[in-house]
Each structure stands twice: as C-alpha cells, then as structure tokens.
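Structure record follows, encoded as structure tokens.
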C-alpha cells in the first residue's frame, strides 16, 4: 500500500470540512476522487501534500506518517515533498521564469540536485510530455494544455512516489481532455501512482482504475 488515510478530521472556521476520511491508494493505481464543488476533494489533496493541517487522524505515505493535531516538523515536510508531487488546478507556474527554470527549480533548491543534473532531467521530462520546444517560453506564452504539461513536468521533477492532480480538465476542451487521459494512462503504465480530484465523470471513467466519492466530508468507494 502506497498511501493510507485513517479517520482524518478537519475543521475550518467552525465548519466541518473532512469528517473521518478513510481510504487507501495502491502503488500503480490511478484513483479518481469525485464529488460536488465544496465537497472536500481539494482539501483531501492538500492534506496529503502537507499543505493543510488537520485536527485528528493519520496520513501514511510509505514509511512517513502525518498525524492530526500537531504541526508537521520541517524535516517531515521536506521528506514528504520528495514523495509527493502536486499539480494545482490553475498550475501556479512562476510567471517571471521560463519553462525550463520552473521545472528545475525544486530539484536544485529543495533536493540538492546539481544544476546540470536538474536541467537535464527537466529537458527529459519536457520532451516526454511533448513541450520541450517551449523550454525558453514564459508561462504567459503557453496555451492551457502546454501550461498543464509543464506543471506536470515540474511535479515529476523530484521523482515523487505519488502525483496529486486537482481538477486537471477544468480548462480543457474535449480534444485536450483526450490528450490528458492518454498522458495519465502513460504515466500509470510507467509505474506512477496518481490521485486525481475531478468533477468530470466521463474523464474519470475513461482513465481511473478506481473511483472514490466525496460527500459530506466523507469518502466512499464505489462498488
């Protein structure tokens, strides 16, 4: 088992956002996390990525555990960032930096890669995702599909065990959704593990190995 959440509760501004979330993700799966807007899908991803604290429960990723009710230690978060990559809904690329630097920045400054090694890996990832020709471009010069591929390359640059994606089809037309589906299938075939929060039923059905539903702060596995 790569990832396991046990009885995770999160209260935000007196509102119960997560109410005992429990589920697991096996290595090599592509799991879709589905639910209405505001159901808590993005919050689940942020909890796993260590971007949001929670009141109780446990998030276990391989040998690393995040426990509720405590602030995560800096060393724990550094270790977590080496295991988890996240692609945000709006990409959040650094607008003042060219694509290539957006991708190699974290390996150099967060993981201690040499610039030469990090840039070589960045170019390999951009090539694998079909956007190597945009390496010198600024994010504002990219199409929506290109920006998303760059964001995926950036998340993969630290070679994470788990890739999290938040509403990846939100700004894509039908053709781009098909391209993304094929890309994600390719990543799982290459051994990647993905957890994707989406409201896109057709997309989830076309590429997920399992579907989990988020409702009223709980997660239910479909039979």
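The values are calculated or read from the model by the stated rules, or taken from the named source; none is laboratory data. Computed from a prediction, not measured in an experiment: that's the story for all the values here. Neighbour counts run over all protein chains shown; Cβ positions are idealised from the backbone, glycine included.
Condition first: within 20 Å of residue 144 (Cβ to Cβ) and out of contact with any strand residue (DSSP E or B) (no Cβ under 8 Å at 6 or more places or on another chain). Now tell me which residues in region 158-175 satisfy that.
Those that are within 20 Å of residue 144 (Cβ to Cβ) and out of contact with any strand residue (DSSP E or B) (no Cβ under 8 Å at 6 or more places or on another chain): 170, 171, 172, 173, 174, 175.
Out of 39, 106, which single residue is crowded, with 18+ Cβ neighbours inside 10 Å, in contact with a helix residue (DSSP H, G or I) (Cβ under 8 Å, 6 or more places away or on another chain) and closer than 18 Å to residue 164 by Cβ?
None of the others qualify; the one that does is 106.
Which of the following residues is more than 21 Å from residue 161 (Cα to Cα) and surrounded by 15 or more Cβ atoms within 10 Å (Cβ to Cβ): 47, 17, 84?
17
Do you know which residues across region 86-110 are in contact (Cβ under 8 Å) with a residue 60 or more places away in the chain and under 13 Å from residue 154 (Cβ atoms)?
The answer is 86, 87, 88, 91, 93.
Quick check: anything in region 140-154 at pLDDT below 95, surrounded by fewer than 19 Cβ atoms within 10 Å (Cβ to Cβ) and under 21 Å from residue 195 (Cβ atoms)?
Taking every residue of region 140-154 in turn, none turns out to be at pLDDT below 95, surrounded by fewer than 19 Cβ atoms within 10 Å (Cβ to Cβ) and under 21 Å from residue 195 (Cβ atoms).
Which residue, of 162, 187, 183, is over 14 Å from the mean Cα position of the chain (by Cα), under 20 Å from residue 28 (Cβ atoms) and buried (at least 17 other Cβ atoms within 10 Å of the Cβ)?
Being over 14 Å from the mean Cα position of the chain (by Cα), under 20 Å from residue 28 (Cβ atoms) and buried (at least 17 other Cβ atoms within 10 Å of the Cβ) holds for just one of 162, 187, 183, which is 183.
Exactly one condition in (1) within 30 Å of residue 144 (Cα to Cα); (2) without any contact (Cβ under 8 Å) to a residue 12 or more places away in the chain; (3) out of contact with any helix residue (DSSP H, G or I) (no Cβ under 6 Å at 6 or more places or on another chain) is false for residue 113; which is it?
For residue 113, the failing item is (3).
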